[in-house]
1. So Asp136 clears everything in (1) assigned to a loop (DSSP other than H, G, I, E, B); (2) more than 11 Å from ligand 1 (Cβ to nearest atom); (3) within 25 Å of Glu47 (Cα to Cα) except one condition, right? Which one?
2. Collect the residues in the range 197-222 that are more than 19 Å from the chain's Cα centre (by Cα) and either within 16 Å of ligand 2 (Cβ to nearest atom) or assigned to a loop (DSSP other than H, G, I, E, B) (or both), keeping them in residue-number order.
3. Go over the candidates Ser157, Ser141 one by one and state the one that is in a loop (DSSP other than H, G, I, E, B) and out of contact with any Phe, Trp or Tyr (no Cβ under 6 Å at 6 or more places or on another chain).
4. Phe95 passes all but one of (1) open to solvent by 70 Å² or more (accessible area, probe 1.4 Å); (2) closer than 16 Å to Leu184 by Cα; which number fails?
5. Among the residues of the range 21-35, write down those that are part of a helix (DSSP H, G or I), among the aliphatic types (A, V, I, L, M) and either under 15 Å from Val234 (Cβ atoms) or more than 6 Å from ligand 1 (Cβ to nearest atom) (or both).
6. Please find, within the range 103-131, the residue that is surrounded by the most Cβ atoms within 10 Å (Cβ to Cβ) out of those that are part of a loop (DSSP other than H, G, I, E, B) and within 16 Å of ligand 1 (Cβ to nearest atom).
7. Which condition number does Leu115 fail, the rest of (1) out of contact with any Phe, Trp or Tyr (no Cβ under 8 Å at 6 or more places or on another chain); (2) closer than 14 Å to Ile154 by Cβ; (3) not acidic (Asp, Glu) being met?
8. Name the residue that is farthest from Glu60 (Cα to Cα), counting only residues in the range 132-145 that are surrounded by 10 or more Cβ atoms within 10 Å (Cβ to Cβ) and aliphatic (A, V, I, L, M).
Amino acid sequence: MNFTNDLIESLIKADKIAVLTGAGMSAESGIKTFRDPDGLWAKLNPEELASIEGFMRNPETVWNWYNERRKVIAMANPNEGHIALAKMETLYSNFTLITQNIDRLHQAAGSKNVLELHGNIVENHCLRCKKPYLEDIDINSKILPVCPLCGGKIRPSVVWFGEQLPQNTLFEAEKATEECQVFLSIGTSTEVYPAAALPYIAKNNGAVVIEINPRMTSFSNEASFVLNGTAATVLPELVKSIAGKKNK
Ligand code: BJW
Ligand code: ZN
């Protein structure tokens, strides 16, 4: 892919970078997105599977779904895009990677400063007393785990619809977004708030905003540059184009 000089210049000049990633980031690691034609929500109902009301109505169904996804994620490896972002972090003194993904593949690729807006699929906690549940979950068991402290239902430590995002993490993400000179929005449909507000916040604060996505999104027309391709193909080329020229 050919990158314009303006785009490369903006990345070389910048010392503060913020990146927002969504499900498309992990698509080439074999993890399904949500809103693509073959995505999770094409066949499944988000209100039943990703809300507290759905969990209370039918915890078995929700646990089965999370256990199936845990199996897929446990087998997945970071793709070339994750690896390129980890390399990119080493080029900057101030680099914040904000992710909506729960799969921990950024950390597996070596990224250090990662903010998880929607939690993660590895940890669990008690719905009632909120304490972390530290036992291993047997993903093949039909018996639902309960809290050894209060008997409450155990749930995955992800953020469902209608739930508040972790407030410190969101605060740090907004701060990095307001302060950055370049913001990258990668593999997200920019449909789910408050994460979807971040590219707009960056733009309103004067940042150059680069979108990487094989499809147009609701934000594309606002972006400074749209790189029409996948994360695992565009990011390695982009990072290669700046690596030799960027002094930390
Ligand atoms: C590629 C690619 C490749 C494909 N390379 N790209 C009206 C207005 C504003 C807000 C609301 C509203 N009505 C309701 C709300 C609130 C709601 C919301 O935003 N809803 C919208 C859908 C309208 N938000 C919330 O409820 C949030 N909480 C909240 O607002 O709290 C307020 C509160 C305050 C005080 C007290 C209490 C509450 C919480 C949102 C939680 C979202 N949770 C999920 C599930 C997480 C757990 C799990 O995974 O199981 O998070 S839903 C799902 O969507 C998941 C994702 O993180 C999130 C975003 O999706 P993402 O990542 O953008 O994926 P896709 O599939 O949408 O897009 C993929 C993109 O990749 C596409 O563009 C492809 O083209 C692209 N792509 N292959 C690069 N190879
Ligand atoms: Zn408890």
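The values are calculated or read from the model by the stated rules, or taken from the named source; none is laboratory data. Note that the structure is a prediction, hence the values are computed from the model and not measured. Note that we place each Cβ from the backbone using ideal geometry, even for glycine, and neighbour counts take in every protein chain shown. Please note that ligands, DNA and RNA were not included when accessible areas were found on the heavy atoms of the full protein model with its side chains. Shrake-Rupley method; radii C 1.70, N 1.55, O 1.52, S 1.80 Å.
1. (3)
2. Restricting attention to the range 197-222, the residues satisfying the condition of being more than 19 Å from the chain's Cα centre (by Cα) are 203-208, 221-222.
Within the range 197-222, Asn205, Gly206, Ala207 qualify.
3. Working: Ser157 fails: in a loop (DSSP other than H, G, I, E, B).
Result: Ser141 is the single residue among Ser157, Ser141 that is in a loop (DSSP other than H, G, I, E, B) and out of contact with any Phe, Trp or Tyr (no Cβ under 6 Å at 6 or more places or on another chain).
4. Result: Phe95 passes all but (1).
5. Kept after step one, since they are part of a helix (DSSP H, G or I), are these residues of the range 21-35: 23-29.
In the following step, the residues that additionally are among the aliphatic types (A, V, I, L, M) were identified as 23, 25, 27.
Across the range 21-35, the qualifying residues are Met25, Ala27.
6. Going through the range 103-131, the residues part of a loop (DSSP other than H, G, I, E, B) turn out to be 103-104, 110-113, 117-118, 127-131.
Now narrow it down to the ones that are within 16 Å of ligand 1 (Cβ to nearest atom): 103-104, 117-118, 127, 130.
Working: Asp103: 25, Arg104: 18, Leu117: 23, His118: 21, Leu127: 18, Lys130: 10.
Across the range 103-131, the extreme among qualifying residues is Asp103.
7. Here Leu115 clears every test but (2).
8. Looking at residues that are surrounded by 10 or more Cβ atoms within 10 Å (Cβ to Cβ) and aliphatic (A, V, I, L, M), I get Ile137.
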